[in-house]
Ligand SMILES: Cc1cc2nc3c(=O)[nH]c(=O)nc-3n(C[C@H](O)[C@H](O)[C@H](O)COP(=O)(O)OP(=O)(O)OC[C@H]3O[C@@H](n4cnc5c(N)ncnc54)[C@H](O)[C@@H]3O)c2cc1C
């Protein structure tokens, strides 16, 4: 449980962070909330030579709404997102999901950018961002690019991010007035989801139903063609590939996906 030795560099601007990442490439890792990276380092699954601590970058902590788009700074912490009045009004699904992650300590350290860059299929915000048709804004030495959430989660813990790139912002179309809901089934309240379902405006994102967060497309198509909620929810596990592990078999996860989707769609429609 002791990490391999590493060098630590605290940066004070985005430009400085990008310069350090460009200089060190694959030897460096961005440190945001540290709540995924540090456990991996302690287990020696990650052995970066240099940690680039971006925590001081307050310029990446904000929620703004402009022309129907909600922009969230990548270093915004879950606690701040959950209590942000602008986010609660314009992207209530994301504000709610941020408040359902882990425990208070995790919510005071973990960042939206870190959660997305980590790309764990068991994490909550990636599925919520997928359902929200979100976009990640990424900066690196070659400039800025936008990656739709649907193209960001390539595999377990795998994204198109280059080692010298930083997620700087997350954008979603404003969800004002859309029905939304989040259902998370856990063994204990502070646990990771065995299965989670994020719904907004008839779009459905699934937590822990494959190696990446996925959309329940069969359910979405059924809803779009006018099927009743019960019928659409019965299709929630179509195309999913959940794992079996001691806490839940794949069949149990599929059952949960159907039940939780029905609950979430019912709440969202109320
Ligand atoms: C006890 C515990 C319970 C938890 N429960 C849950 C839960 O219920 N649901 C849930 O979703 N998550 C849960 N988590 C994970 C938590 O949400 C983490 O905070 C999150 O996975 C990573 O965010 P972070 O800011 O801590 O990132 P870090 O751990 O600092 O970084 C994670 C990875 O992302 C990279 N990275 C970070 N920020 C950026 C950026 N801006 N640009 C590019 N790369 C970046 C890092 O280099 C690293 O590879 C839990 C964690 C713990 C320790």
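The values are calculated or read from the model by the stated rules, or taken from the named source; none is laboratory data. Everything numeric here is computed off the predicted structure, so don't read it as measured data. Reconstructed Cβ throughout: ideal geometry from the backbone, glycine too, with neighbour counts over all protein chains shown.
Tell me, yes or no, whether region 159-174 has at least one residue that is in contact with a helix residue (DSSP H, G or I) (Cβ under 7 Å, 6 or more places away or on another chain), surrounded by fewer than 22 Cβ atoms within 10 Å (Cβ to Cβ) and more than 30 Å from residue 13 (Cα to Cα).
no
Considering every residue within region 116-127, establish whether at least one is closer than 15 Å to residue 70 by Cα, more than 8 Å from the ligand (Cβ to nearest atom), touching a residue at least 40 places away in the same chain (Cβ under 8 Å) and under 13 Å from the mean Cα position of the chain (by Cα).
Taking every residue of region 116-127 in turn, none turns out to be closer than 15 Å to residue 70 by Cα, more than 8 Å from the ligand (Cβ to nearest atom), touching a residue at least 40 places away in the same chain (Cβ under 8 Å) and under 13 Å from the mean Cα position of the chain (by Cα).
Of the numbered conditions (1) away from the ligand (no atom under 12 Å from the Cβ); (2) part of a helix (DSSP H, G or I); (3) free of Cβ contacts under 8 Å to residues at least 40 places away in the same chain, residue 64 fails exactly one; give the number of that condition.
(2)
Taking region 39-56 as the search range and keeping residues that are out of contact with any helix residue (DSSP H, G or I) (no Cβ under 6 Å at 6 or more places or on another chain) and surrounded by 15 or more Cβ atoms within 10 Å (Cβ to Cβ), which one is nearest to residue 168 (Cα to Cα)?
Quick first cut of region 39-56, residues out of contact with any helix residue (DSSP H, G or I) (no Cβ under 6 Å at 6 or more places or on another chain) only: 39-45, 47-48, 51, 53, 55-56.
Cutting the leftovers down to surrounded by 15 or more Cβ atoms within 10 Å (Cβ to Cβ) gives us 40-41, 48, 51, 53, 55.
Numbers: 40: 23, 41: 23, 48: 21, 51: 17, 53: 14, 55: 12 Å.
The selected residue is 55.
Exactly one of (1) assigned to a loop (DSSP other than H, G, I, E, B); (2) outside the structural domain of residue 167 (by TED's automatic domain parsing); (3) within 12 Å of the ligand (Cβ to nearest atom); (4) touching a residue at least 12 places away in the same chain (Cβ under 8 Å) is unmet by residue 26. Its number?
Evaluating residue 26 over (1) assigned to a loop (DSSP other than H, G, I, E, B); (2) outside the structural domain of residue 167 (by TED's automatic domain parsing); (3) within 12 Å of the ligand (Cβ to nearest atom); (4) touching a residue at least 12 places away in the same chain (Cβ under 8 Å) leaves (1) as the failure.
Any residue in region 248-265 that is surrounded by 15 or more Cβ atoms within 10 Å (Cβ to Cβ), within 14 Å of the ligand (Cβ to nearest atom) and in contact (Cβ under 8 Å) with a residue 60 or more places away in the chain?
No: zero hits.
In region 79-105, how many are within 13 Å of the ligand (Cβ to nearest atom), in contact (Cβ under 8 Å) with a residue 40 or more places away in the chain and closer than 17 Å to residue 61 by Cα?
The qualifying residues number 1.
Which condition does residue 151 not pass, out of (1) in the same structural domain as residue 86 (by TED's automatic domain parsing); (2) in contact with a strand residue (DSSP E or B) (Cβ under 8 Å, 6 or more places away or on another chain), if it passes all the others?
(2)
Check region 29-39 and report whether any residue there is more than 8 Å from the ligand (Cβ to nearest atom) and either modelled with pLDDT under 95 or out of contact with any strand residue (DSSP E or B) (no Cβ under 8 Å at 6 or more places or on another chain) (or both).
As a first pass, look at region 29-39 and keep what is more than 8 Å from the ligand (Cβ to nearest atom): none.
Taking every residue of region 29-39 in turn, none turns out to be more than 8 Å from the ligand (Cβ to nearest atom) and either modelled with pLDDT under 95 or out of contact with any strand residue (DSSP E or B) (no Cβ under 8 Å at 6 or more places or on another chain) (or both).
Where residues in region 129-159 are over 15 Å from the mean Cα position of the chain (by Cα) and away from the ligand (no atom under 11 Å from the Cβ), which of them is farthest from residue 75 (Cα to Cα)?
Applying the filter and picking the extreme gives 142.
Please pick out the residue among 24, 90, 96, 82 that is buried (at least 16 other Cβ atoms within 10 Å of the Cβ), more than 30 Å from residue 179 (Cβ to Cβ) and modelled with pLDDT of 95 or more. Steps first, answer last, please.
On the way: 90 fails: more than 30 Å from residue 179 (Cβ to Cβ); 96 fails: more than 30 Å from residue 179 (Cβ to Cβ); 82 fails: more than 30 Å from residue 179 (Cβ to Cβ).
The unique qualifying residue is 24.
Looking at region 199-253 only, could you name the residues that are closer than 16 Å to residue 156 by Cβ, touching a helix residue (DSSP H, G or I) at 6+ places or on another chain (Cβ under 8 Å) and not in a loop (DSSP other than H, G, I, E, B)?
206, 207, 214
I need the full set of residues from region 106-115 which are crowded, with 20+ Cβ neighbours inside 10 Å and more than 7 Å from the ligand (Cβ to nearest atom), in order please. It would help to see each step written out before you state the result.
Here is the first cut: in region 106-115, the residues crowded, with 20+ Cβ neighbours inside 10 Å are 107, 110-115.
Matches in region 106-115: 107, 112.
Whether any residue in region 97-104 is in a helix (DSSP H, G or I) and under 13 Å from the mean Cα position of the chain (by Cα) is what I want to check.
Quick first cut of region 97-104, residues in a helix (DSSP H, G or I) only: 97-98, 104.
The next check asks that each one be under 13 Å from the mean Cα position of the chain (by Cα); those that pass are 97-98.
Taking every residue of region 97-104 in turn, at least one turns out to be in a helix (DSSP H, G or I) and under 13 Å from the mean Cα position of the chain (by Cα).
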